[in-house]
Structures are given as structure tokens and as C-alpha cells.
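One structure is given below, encoded as C-alpha cells.
Every number in this text was worked out from the coordinates using simple rules, so none of it is lab data. Here the structure is a predicted model, which means the values were calculated and not measured. Every residue, glycine as well, gets a Cβ built from its backbone with ideal geometry; the counts of neighbours run over all protein chains shown.
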Amino acid sequence: MMNSETPRVRLRRLRENRLLAESLREVSLEPRQLVLPLFVVPGTGVRNPIPGLHGVDHWSVDRVGEGVEQALDAGVKSFILFGLPTKKDPAGSTAWRDDQPVQRALHTLKDRWGDQVHLVSDVCMCEYTDHGHCGLLTEDGRVDNDPSAAMLGRIALSHARAGADTVAPSAMMDGQVAVIRRALDDGGFQSTPIMSYSTKFASAFYGPFRAAAGSAPSFGDRRGYQAPSTNWREAIRESLLDEEEGADILMVKPSLLYMDILSRLREATMLPLACYLVSGEYMMLRHSIAAGALDEERGLLEAHFALRRAGADLIITYAAVEVARLLSRGRP
Ligand code: PBG
């Protein structure tokens, strides 16, 4: 005999009426909360599928608008831009040049869509240095922190001038947020927010991205400047330091494997939080889907809802357009 007063029956009663259950849903996911990465490359007429990164393309500046248009149709209005330069050198000296793909794409997209789009630019050097590290190197091959931070300030300013609405430093140099804030303020961009990759782990899950951006370090690794995955307190402190330096939005990266960090950081700060469902995590989902082990629609939605539940306001994700389409079809 069913006892209608057992707690489990009471829980289930709340799920049975679809509209009631919907009105009680605790977290929401909307296309406006998704940020789509875009990779721009030199040349014209280019739309090349990136090997190893399902459904993601390399775009030349003249065509990247096609990717933006598709996303806008699905309700995604935020984009983060990455770029491959025309030339790499030890100093990453193309990174702040106005004639490079990221700067030209920012300019072109802003010109065409104005405030219909929110353009974030990734501020780093690893795509621009021939050694693939995120900053300048000393003679003995270590990353030279302060001159690198100064370069990041210069890069951020060139992005803001080209049309970036928000800049997102990801190089993990000490003091980079403060240096970038000063560079933006001095350059007349006092109201450009900084979305800092404030807690960024040294992770094996950036593999497909590094192939896409040609940015795998040619020697060594990034463990000197990225956080160890074993340390949650250190990870939270990293973010709080960036808050003190003037970051406007904090970020946890990767995300699916680091939801504990996201939810603890949610308690530790009042700033908006972004998270990055990185290339390796995304491909983990895609390979499961391709192998028939994971239902595509339900699997993608569940992963993104989980990040919202953990505390993310914004989710940077290669699945932004597909997830947005599912949501606008009334899923879940
Ligand atoms: C650094 C940067 C990386 C990613 C975003 N910004 C690569 C890295 O830290 O090595 C990785 C994102 C992903 O894996 O999807 N510019």
C-alpha cells in the first residue's frame, strides 16, 4: 500500500504536473548565457572545418560573419575571438597589430552588427609566439612575467580599439589584470570590462584547441603559470586576487571537471562568473555521442544545465549554437 505521506511520494507529486514542475525549475539556461568561440585565420574565402574539433571552423575575416549570422539566428549574441596571425616570432610581435585577423574581425563584425553583438577577445600570446608559450621568454627559456604582462596590456588595448566590447586575458601572468586595466583606462577605454580567466588549470583537456590555434608549447608545459588540478583553495585564491586587481567577471576553466571550483567560487565572490567548457571536454561529449553512448540532445543540455546549477552566469562553449537551437525548440 502506498502511503501518500512518505517524503518520496511528496517529491514525486511535484514532478507529475508538467507545468507545475516547469514553474519550479531552479535553474534556467538561455541562449543569452552562451558564448561561442570563433577562430579567425589569415586569407580570404576560408571556412575550413577544424580537424578534431567537431562542428568548429577556421574562418577568414571576410567570411566570419556567416558564423555570427548562424549564431544570431539561434539567439546567441556573445562571441569570443581567437586568431592565427600571419607570422609568429619569439616576441609574438604580431599580437597587437591592427592588420591581424582578430583585430580585423573585431572591426568588421562591430561595423556590421554594432551593439547587436557582444564581442569578447581572448588576450594571450601563445597563438603569436613561435615557441607557443603565453608570454615572452628569458634567455634561459623561462616565461618573463612583467614584460609579458606589459605586452598583454598593449594587446588588450589594440583589441578594444578594434571593437572588442570585453577583453579576456588568458595568459596567467601575475598582475596582468591590473596592467590591462591601466592600459585600457589610459587609452580611453575606462568602460571596457575585463573577463579574466582567473582560475585556469594546467589541463590535458586543451589538446584540440592547441591543435586548432597552433599554440602547443614547443618545449616544456604551462605548469609554471597555470594552476595544479589538485589544489582547490589555491584555485579560489587565484580568482580572488584577480577580483582585487580589478577583474569584472571571473572564470573557471576547464568547467565540467571543475564544477566543485565553480560552486565554491560562487560562494566566495559576488562578481559574475563565466566558465569555459573547453575543447577536450567538448570532444569527450562528441566522441560519446558518435559512439552511441550518449544521446546528443539530452547529453548536451544536461552538461550545460549542470554548469548553470554549479553557479556559472556565462558558459563559453563550442556547442553554443546547437544548445541554443534546442532551447528555442522548447527543450528540455
Ligand atoms: C590561451 C587559451 C587556451 C584556451 C583558451 N585560451 C589554450 C591554453 O591555455 O593552452 C583553451 C580552450 C580550449 O581548450 O577550448 N590563449
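Observations, loosely collected:
- Here's the picture: charge each Lys and Arg Cβ at +1 and each Asp and Glu Cβ at -1 in the range 174-332, and of Q176, L256, T192 the one pushed furthest to the positive end of that dipole is L256.
- Label positions at L257 and R18, each projected 7 Å from the Cα along the C-beta direction, are separated by 3.9 nm.
- Assigned charges on the beta-carbon of Lys, Arg, Asp, Glu; the range 247-321 dipole about Cα centre (debye): 100 debye
- Working from label points 7 Å from Cα in the Cα-to-Cβ sense, the D98 to D130 distance is 2.7 nm.
- Cβ-based charge dipole, the chain, positive-most Cα from S328, S239, L265: S328
- Measuring gaps between exposed loop sites in the chain (trypsin sites (Lys or Arg not before Pro); DSSP loop; at most 14 other Cβ atoms within 10 Å), the longest gap, sites not included, is 224-328.
- When only the Cβ of Lys, Arg, Asp and Glu is charged (+1, +1, -1, -1), the dipole of the chain relative to its Cα centre reaches about 1080 debye.
- Net length gained if the chain between N231 and D185 were fully extended (0.36 nm per residue, minus Cα distance): 13.2 nm
- One decimal place: the segment R154-E66 gains 28.7 nm when fully extended, by the rule 0.36 nm per residue minus the C-alpha distance.
- Pairwise label distance in nanometres, E302 with D111, each label 7 Å out on the Cα-Cβ vector: 4.6 nm
- Lys pairs, the chain - Cα-Cα below 26 angstrom, 8 or more residues apart or on other chains: 7
- Computed extension gain for A202 through S328, at 0.36 nm per residue and net of the alpha carbon distance, reaches 41.8 nm.
- When the GluC sites (Glu not before Pro) in the range 26-98 are filtered for DSSP coil states and for at most 14 other beta-carbon atoms within 10 Å of their beta-carbon, the remaining sites are E26.
- Relative contact order for the chain, counting Cα pairs under 8 Å that sit 6 or more residues apart, in percent: 18 percent
- For the range 27-328: rounded, prolate or oblate by the Cα gyration tensor [a/c cutoff 1.5]: rounded
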